[in-house]
Structures are given as structure tokens and as C-alpha cells.
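Student: One structure coming up, written as C-alpha cells, with questions to follow.
The values are calculated or read from the model by the stated rules, or taken from the named source; none is laboratory data. This one's a predicted model, so the numbers in the text were calculated from it and none came from an experiment.
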Amino acid sequence: MIPQVLAGKVAGTVFTGLVGVSAYEVVRKAVGKAPVRRTTVAVTTLGLRGTRRAEVAAESARLKMADVVAEARGRLGEESQPPAAVAAHDHDH
């Protein structure tokens, strides 16, 4: 019984490996015809643009929230720090 189960697992693993190798070869042939460097640079450019847009959106959201918090503190009569102020660390890391 154990050899049959083991043989089934081995056959499944071999089949999975063959499918993986076949898929790799298809992708390699398709990419081999395309200019790889140009494609890589284009994809990296898109990634950088997306990252920069996300950074701008995050900074805008941070400033808007800082305005809301400052207004809320003002209504309470507290003085608020400017949004760019950073608390100093008095300890070593």
C-alpha cells in the first residue's frame, strides 16, 4: 500500500515538474524574441511612476489629516504643532 501511495506522489511530482518546465520554455521563447532590456526599463519606469503617485497621495492625505487635527485642537483651545514638526528622540537606538 505504501509503495503505491509513494508511486502516486512521485508521478504527481514528475507531472508537475514537466508542466513547469514546459511553461518556462514557452515563456523563455516568447521573451527571447522581445527586447528584454527595453521591456525591463519600461516596467521599472511604470513602477517608479506608480510609487511617486502613491507618495504624493500619502503626503496629501497626511497634510489633510494634520489640518483636521489642528482644527480640532484649536476648537479645544490647545496649540498644535505644524504638520512637519518631528518630535526629537532623547534615547539611543
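Student: Could you tell me whether the stretch 41-55 includes any residue that is of a type in the set (Gly, Ala, Ser) and modelled with pLDDT under 85?
Tutor: Taking the stretch 41-55 as the starting set, the residues that turn out to be of a type in the set (Gly, Ala, Ser) are 42, 47, 50, 54.
In the following step, the residues that additionally are modelled with pLDDT under 85 were identified as none.
No; the residues of the stretch 41-55 include none that is of a type in the set (Gly, Ala, Ser) and modelled with pLDDT under 85.
Student: Go through (1) of a type in the set (S, T, N, Q); (2) more than 26 Å from the chain's Cα centre (by Cα); (3) modelled with pLDDT of 90 or more for SER60 and report which single condition fails.
Tutor: It fails just one condition, (2).
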